[in-house]
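The values are calculated or read from the model by the stated rules, or taken from the named source; none is laboratory data. All values reported here derive from a predicted model rather than from experimental measurement. So basically every Cβ, Gly included, is an ideal-geometry build from the backbone, and we count neighbours across all protein chains shown. What goes into the accessible areas is simple: the full protein's heavy atoms, side chains included, and nothing from ligands, DNA or RNA. Shrake-Rupley method; radii C 1.70, N 1.55, O 1.52, S 1.80 Å.
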Number of protein chains: 2
Amino acid sequence: MNTTATDSTTKTTTKAPRAPRNGVDTPLLLGTIGAVAGQRELAKFTFRASNRWLRGTHSQSRMEGFYGAGGEHMQTREFVYDADHPPVLCGKGEAPTPVEFLLHALAACITAGIANIAAARGVTLHEVESTVEGNIDLQGIFGLSESVRNGYQNIRIGFRIRGDAPESKLREIVEQSRARSAVFDVLSNGVPVQLDIDAR
Amino acid sequence: MNTTATDSTTKTTTKAPRAPRNGVDTPLLLGTIGAVAGQRELAKFTFRASNRWLRGTHSQSRMEGFYGAGGEHMQTREFVYDADHPPVLCGKGEAPTPVEFLLHALAACITAGIANIAAARGVTLHEVESTVEGNIDLQGIFGLSESVRNGYQNIRIGFRIRGDAPESKLREIVEQSRARSAVFDVLSNGVPVQLDIDAR
């Protein structure tokens, strides 16, 4: 998730009112940011998912709603997502692995920001594609080595962006999206995770 | 993702061969870990996704295959996942936000590990459910405050687990899954993310 368009680096390009562009309602977006600037409590969001174990390594999550902008919001429709391990890791491969969803989240977050920022800067996008990969050594989760971490050792994402602006401006848009990406921040810097258990 | 069953804490409970349980092919799982122990290169995996911008904040990812266990693997079927921002954040809400997919990944990873570890320890599970939530202050991504981070400020996950073992043993299974969860590690500790840009 990445919605910013107001960083100081963009000031010179946002003097004139911006029309909707790239499928982004730019006036609404800038108006929303302005409203939040005037009432900071609106910026507090809580996102949620619930998960249920199905069988083996296969489970299913639902995202039904979230809190934000001062109130509760239902999702626009039912969002249900499975995850599983692949056969080579003794699962049934009913869905991607959990770690692959991290890659989806990263690509989608920076891409959404690119569209918003391009719209705010008056740039029409023709194409944004990315490929993302993460390297992991399963000696960690297999408990075969105490010196190998459980998670990805590194992630690489490559963006291909085409639009009606010079290469340098397109690059700046991607860089700015990275600089304001929620998922990039979480994956790069980590976040405190609390785990509670109700066992019986 | 979490597949471990061989940490030292489990040694006393894995003396006898384990039958399949919880939908986990326990002999295959333990055999796989044994095979990797004898040939460490098999533990190297690379997971991938490709993403394409659709319109506004809406994009779509595909996971087509991955490298691991010494070779390339195609997914068992086509895995396609969208992401979007919700209307309250000026998106169309066509899919969950990228940050919600992080929550799905976390819950699914620890849950898969719980099933594997329980099977390895001879525990039959009746029910595993979890709820996960993440708090985020959008002043960060809106560029309204330099002191507010872009990503989640904290994540909380609560597990409800039921099975044919004492509470303490069920708790230990959840704790061991957390201790060997790839997604828990990535979210808690972060990972280096490299970004490349092809702009034109």
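Of note:
- Residue of chain A nearest the A-to-B rotation axis [by Cβ], rounded angstrom distance: A:G190, 2
- Heavy-atom accessible area buried between chains A and B is around 12300 Å² (1.4 Å probe, both sides summed).
- The residues packed around A:R200, meaning those with a beta-carbon under 13 Å from its beta-carbon, carry a net charge of -1 if Lys and Arg are +1 and Asp and Glu are -1.
- Peptide B:164-176 is shielded by partner chain Cβ atoms: per residue, an average of 2 of them sit within 10 Å of its Cβ.
- When the GluC sites (Glu not before Pro) in the stretch B:141-187 are filtered for DSSP coil states and for at most 13 other beta-carbon atoms within 10 Å of their beta-carbon, the remaining sites are B:E146.
- Rounded percent of accessible protein surface that carbon and sulfur make up, the stretch A:155-200, 1.4 Å probe: 44 percent
- For the stretch B:31-163, the per residue solvent-accessible surface stands at 33 Å², with DNA, RNA and ligands left out and a 1.4 Å probe.
- Distances between equivalent label points of B:G70 across the copies, with each point positioned 7 Å along Cα→Cβ, amount to 6.3 nm, shortest listed first.
- Summing +1 for each Lys or Arg and -1 for each Asp or Glu among the other residues whose beta-carbon sits under 13 angstrom from that of B:R21 gives +1.
- Degrees between helix B:98-120 axis and first principal axis of chain B (Cα, 0 to 90, nearest 10): 0 degrees
- Over the stretch B:64-198, the pair-distance histogram of Cα-Cα distances with 5 Å bins from zero comes to 2, 8, 13, 14, 18, 16, 13, 9, 5, 2, 0, 0 percent, rounded to whole numbers.
- Counting only aspartates and glutamates at least 8 places from B:K44 when in the same chain, those with an alpha carbon closer than 16 Å to its own are A:E100, A:E133, A:D137, A:E146, B:E72.
- Label point 7 Å beyond Cα along the C-beta direction, distances from B:D198 to other copies (nm, shortest first): 5.0
- Peptide B:123-133, shielding by other chains (average Cβ, 10 Å cutoff): 5
- Computing Rg and the Kirkwood Rh from the Cα coordinates of the protein assembly as shown gives a ratio, Rg/Rh, of 1.00.
- With Cα atoms, 0 to 90° folded angle of helix A:26-38 axis to chain A main axis: 80 degrees
- Plainly put, the tip 7 Å out from Cα toward Cβ on A:R162 is 5.5 nm from that tip on each other copy, the closest given first.
- Residues of the stretch A:102-121 whose accessible area, computed with a 1.4 Å probe over protein heavy atoms, drops by at least 30 Å² once all protein chains are present relative to their chain alone are A:L102, A:H104, A:A105, A:A108, A:T111, A:A112.
- The eigenvalues of the Cα gyration tensor, multiplied by 5 and square-rooted, give the stretch A:76-128 an equivalent ellipsoid with semi-axes of 33, 13, 8 Å from largest to smallest.
- Nearby aspartates and glutamates by direct alpha-carbon distance to B:K169 (threshold 19 angstrom, same-chain neighbours under 8 apart not counted): A:D196, A:D198, B:D7, B:E127, B:E129
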